[in-house]
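The values are calculated or read from the model by the stated rules, or taken from the named source; none is laboratory data. Everything quoted here is computed from the prediction, not taken from an experiment. In this analysis, Cβ positions are derived from the backbone assuming ideal geometry, glycine residues included, and neighbour counts consider all displayed protein chains. Surface accessibility is based on the protein's heavy atoms, side chains included, excluding ligands, DNA and RNA. Shrake-Rupley method; radii C 1.70, N 1.55, O 1.52, S 1.80 Å.
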Amino acid sequence: MSMLLRNIQHPRAVLHRHMSVVASVLRYGEFGDPAKVLQVQQETVPDPSNGEVLVKTLGAPINPADINTIQGKYPVKPKFPAVGGNECVSEVVAVGSQVGGLKVGDRVVPFASGLGTWRSYALYKESNLMRVPGSIGIAEAATITVNPCTAYRMLKDFVSLKAGDTVIQNGANSACGQAVIQLCRAWGVDCVGIVRDRPEFSKLRDHLKDMGAAEILTEEELRTTKIFKDGLFKKPKLALNCVGGKNALEVSRHLDNHGIMVTYGGMSREPVSVPTASLIFKDLQFSGFWMTRWSEINAQSPKRAEMFTELFQLIEKGALKAPAHEMIAFTDYKLGVTNALSIQGFVGKKYIFTF
């Protein structure tokens with residue numbers, strides 16, 4: 001028996017090491033339509049060596065950035081052949097030597113981007129993983145590192161918000177928008193959300209208000225609303241924009257003097273227009289945010305650990321839940337990536353691969 005096997009105390013891990021671990025992976029060798037360029041492939045995963053951890057993937061979501069990366073439209077360009085995915089939650093099944101912070105049976109999520117998480121088993125460096133509480137659900141853990149973190153940082157890093165303040169956001173029914181709504185509720189901040197008009201708008205509005213939104217408006221209602229002029233809510237200090245175009249312009253008109261609009265997406269594929277008067281007479285600020293860059297800069301910062309600690313606590317209390325989602329088998333990847341490209345209906349649904 002190898003030194004590796006003697007160091008493993010978990011019976012399932014020993015079983016895996018007596019057998020060859022063959023992983024199923026979703027790999028692509030060129031940019032293009034994900035449903036066409038992705039392929040299911042099999043590969044043998046070696047024993048973990050110094051500082052490495054072997055994990056079994058429990059759930060891996062499909063994010064818009066994952067789709068854009070495969071299409072070749074994302075700033076990060078992978079080396080081919082590449083494996084899709086940036087988020088997942090996994091269970092440790094074996095550890096190599098010099099691994100001191102993780103043990104067999106721990107649940108972990110990636111602590112770095114670009115690892116390629118759409119695979120049933122994977123070998124990662126311990127430094128690229130973060131342990132998550134076992135009490136956290138698979139969907140919450142699998143989706144923790146992108147949208148909740150993006151929402152958290154945008155609410156924390158641009159404006160000093162206090163209870164009773166107002167935040168306005170478009171794309172309120174998106175996965176990040178749902179996280180913003182729940183964090184605002186937890187911190188006593190009023191969140192006014194904007195969504196596209198649709199036949200089931202009243203049902204969506206009730207759903208998002210039950211989640212914690214102070215008010216939900218359609219894009220058309222946003223143009224004529226008087227909820228801020230009439231004092232029903234304080235004028236927003238912070239606006240969060242993932243749409244761009246005319247929608248972002250209308251949102252910015254409601255910002256209070258010295259307010260800030262943070263852009264983190266551009267679903268309309270139209271530029272953000274800034275009226276000159278907003279800059280001169282209202283002293284508005286317009287900024288951008290990219291979670292990947294923040295994570296790279298703050299990889300070792302205490303801010304990162306503090307953020308995850310608070311997010312986990314909110315999840316455990318039931319104050320922060322996973323976005324609307326559906327768990328699908330990785331073999332149904334064509335259905336998942338196609339539907340992720342054209343999300344329609346009530347709430348933007350997130351697809352999570354199971355292996």
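Tell me, please, whether a residue that is assigned to a loop (DSSP other than H, G, I, E, B) and either closer than 22 Å to residue 330 by Cβ or not aromatic (Phe, Trp, Tyr) (or both) can be found in region 52-61.
Checked region 52-61: no residue is assigned to a loop (DSSP other than H, G, I, E, B) and either closer than 22 Å to residue 330 by Cβ or not aromatic (Phe, Trp, Tyr) (or both).
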How many residues does region 105-126 contain that are of a type outside the set (Phe, Trp, Tyr) and open to solvent by 30 Å² or more (accessible area, probe 1.4 Å)?
10
Of all residues making up region 274-286, the number that are surrounded by 13 or more Cβ atoms within 10 Å (Cβ to Cβ) and among the polar types (S, T, N, Q):
2
Take the conditions over 22 Å from residue 341 (Cβ atoms), open to solvent by less than 10 Å² (accessible area, probe 1.4 Å), in contact (Cβ under 8 Å) with a residue 24 or more places away in the chain and not basic (Lys, Arg) and apply them to residue 193. Does it pass?
yes
Scan region 276-322 residue by residue and report those that are under 20 Å from residue 243 (Cα atoms) and among the hydrophobic types (A, V, I, L, M, F, W, C).
284, 286, 289, 290, 291
Counting only residues that are in contact (Cβ under 8 Å) with a residue 60 or more places away in the chain and part of a loop (DSSP other than H, G, I, E, B), which one in region 113-135 is farthest from residue 87 (Cα to Cα)?
135
For residue 168, work out the one condition from (1) touching a strand residue (DSSP E or B) at 6+ places or on another chain (Cβ under 8 Å); (2) open to solvent by 10 Å² or more (accessible area, probe 1.4 Å); (3) touching a residue at least 40 places away in the same chain (Cβ under 8 Å) it doesn't fulfil.
(2)
Residue check, residue 92 against (1) out of contact with any Phe, Trp or Tyr (no Cβ under 9 Å at 6 or more places or on another chain); (2) farther than 19 Å from residue 143 by Cα; (3) open to solvent by less than 30 Å² (accessible area, probe 1.4 Å); (4) not acidic (Asp, Glu), all met but one. Which one?
(2)
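Those residues that are at positive phi and in contact with a Lys or Arg (Cβ under 6 Å, 6 or more places away or on another chain), I need them from region 176-228; list them, please. Write out each step before concluding.
Of the residues in region 176-228, the ones at positive phi are 188, 212.
Listed by number, the list holds a single entry, 212.
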Specify the residue that is surrounded by the fewest Cβ atoms within 10 Å (Cβ to Cβ); the eligible residues are those in region 222-248 that are free of Cβ contacts under 8 Å to residues at least 60 places away in the same chain and under 23 Å from residue 264 (Cα atoms).
223
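Would you check which residues across region 36-49 are hydrophobic (A, V, I, L, M, F, W, C) and either under 16 Å from residue 82 (Cβ atoms) or loosely packed, with under 14 Cβ neighbours inside 10 Å (or both) and list them?
Initially, region 36-49 is screened for residues hydrophobic (A, V, I, L, M, F, W, C), giving 37-38, 40, 45.
Of everything in region 36-49, those that are hydrophobic (A, V, I, L, M, F, W, C) and either under 16 Å from residue 82 (Cβ atoms) or loosely packed, with under 14 Cβ neighbours inside 10 Å (or both) turn out to be 37, 38, 40.
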Being surrounded by fewer than 21 Cβ atoms within 10 Å (Cβ to Cβ), over 16 Å from residue 56 (Cβ atoms) and within 18 Å of the chain's Cα centre (by Cα): is that true of residue 76 here?
yes
Condition set of a type in the set (A, V, I, L, M) and under 15 Å from residue 133 (Cα atoms), scope region 299-321, selection surrounded by the fewest Cβ atoms within 10 Å (Cβ to Cβ): answer is 305
